[in-house]
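The values are calculated or read from the model by the stated rules, or taken from the named source; none is laboratory data. Computed from a prediction, not measured in an experiment: that's the story for all the values here. Heads up, the Cβs are rebuilt from the backbone with ideal geometry, glycines too, and the neighbour counts pull from every protein chain shown. Remember, those area values only see protein heavy atoms, side chains included, never the ligands or the DNA or RNA. Shrake-Rupley method; radii C 1.70, N 1.55, O 1.52, S 1.80 Å.
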Amino acid sequence: GDPKRDRLSILGNYQTENFNSTETEGWTSIVSHDHFRDWGEYSTYVEFLDERFTTGEDTGHATLIIPAVKGSLYWADDRIVTKRGLRLTASLLGSEESALGDTSFLQAAVRAKGIWSFWEQWRLIGRADWGTIVVDDIIELPPSLRYYAGGDQSVRGYGYRKIGPTDAEGHIIGGKNLLVYSLEIERTLFDEWSGAVFYDCGGVSDSFSQVSMKSGAGVGVRWNAPFGQVRLDLAKAIDEAESW
């Protein structure tokens, strides 16, 4: 297609991760066909995932072939310093238990972010994340595909991936359903600097009817660099005695 708007990508990634009581080691290979348009972008891809993991007292090894589709729609008056804009992203992926896959699952996710300037120096920023996984047993799914909350891109004030269902020993093992939302008010201070106050809330569970939402709040400073915004936040968990 148009080399400015269409791309065929072959990607490889090796990653190890250690958080809370979870350790993972995995290799990912992806072949992706990407399309970029003025109104958004969309991709179809196939992922090969081989991951060894330990979560609490459980260990596992999963090999999966995962076909997927992902797309985004966006509108903004300025993609770098946005005064008014909206972005919607959705993805659908899954695998079937067979000779090429160890587990059957289907995962869907939707993310939204909106920005609205109600005065010249003020911005209201909202975001929301929703996701669900259809799988017989979450333990069969590698941690990289499970849902967690907590951290600077989720519920600020809580440690990285420290919100989620636990096993009998209290280890956080991740869950099937995710719901996170955030509200932030930002004001220009001087030149390219601004300050913000925010409130985040989110939870993960194996059932939306049983989700326990955790909240965090804080303040931050932002530097509007030519390539985008650099942020520094200070947050505190509201529902638990977490550290700043």
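A few notes on this one:
- Some residue of segment 110-122 being in contact (Cβ under 8 Å) with a residue 60 or more places away in the chain and open to solvent by less than 30 Å² (accessible area, probe 1.4 Å): no
- When segment 123-172 is filtered for residues that are more than 14 Å from the chain's Cα centre (by Cα), under 16 Å from Tyr199 (Cβ atoms) and not in a loop (DSSP other than H, G, I, E, B), the ones remaining, listed by number, are Arg123, Leu124, Ile125, Gly126.
- Residues in segment 155-188 that are touching a Ser or Thr at 6+ places or on another chain (Cβ under 9 Å), within 15 Å of Val219 (Cα to Cα) and of a type in the set (Ser, Thr, Tyr) were compared, and the one that is most open to solvent (accessible area, probe 1.4 Å) is Thr188.
- Residues satisfying the stated conditions in segment 12-60, i.e. in a strand (DSSP E or B), without any contact (Cβ under 8 Å) to a residue 12 or more places away in the chain and more than 19 Å from the chain's Cα centre (by Cα): Thr59
- Output for segment 32-49, where each listed residue is of a type outside the set (Phe, Trp, Tyr), open to solvent by 40 Å² or more (accessible area, probe 1.4 Å) and at pLDDT 95 or above: His33, Glu41, Thr44, Val46
- Single residue of segment 136-154 satisfying the filter (surrounded by 15 or more Cβ atoms within 10 Å (Cβ to Cβ) and of a type in the set (S, T, N, Q)) that is nearest to Thr16 (Cα to Cα): Ser144
- Output for segment 178-200, where each listed residue is among the aliphatic types (A, V, I, L, M) and more than 14 Å from Arg127 (Cα to Cα): Leu189, Ala196, Val197
- Ile139 vs. criteria in contact with a strand residue (DSSP E or B) (Cβ under 9 Å, 6 or more places away or on another chain) and within 23 Å of Arg52 (Cβ to Cβ): yes
- Verdict on Trp130 being hydrophobic (A, V, I, L, M, F, W, C), free of Cβ contacts under 8 Å to residues at least 40 places away in the same chain, farther than 20 Å from Arg52 by Cβ and surrounded by fewer than 17 Cβ atoms within 10 Å (Cβ to Cβ): no
- Qualifying residue in segment 181-196 (condition: without any contact (Cβ under 8 Å) to a residue 60 or more places away in the chain and closer than 30 Å to Gln15 by Cα): yes
- Selection within segment 66-109 - part of a loop (DSSP other than H, G, I, E, B), open to solvent by less than 70 Å² (accessible area, probe 1.4 Å) and free of Cβ contacts under 8 Å to residues at least 24 places away in the same chain: Asp78
- Pair list, Cβ under 6 Å, 6 or more apart: segment 222-237 residue under 9 Å from Gly157 (Cβ atoms) and touching a residue at least 24 places away in the same chain (Cβ under 8 Å), other residue open to solvent by 40 Å² or more (accessible area, probe 1.4 Å) and of a type in the set (A, V, I, L, M, F, W, C): Lys236/Trp244
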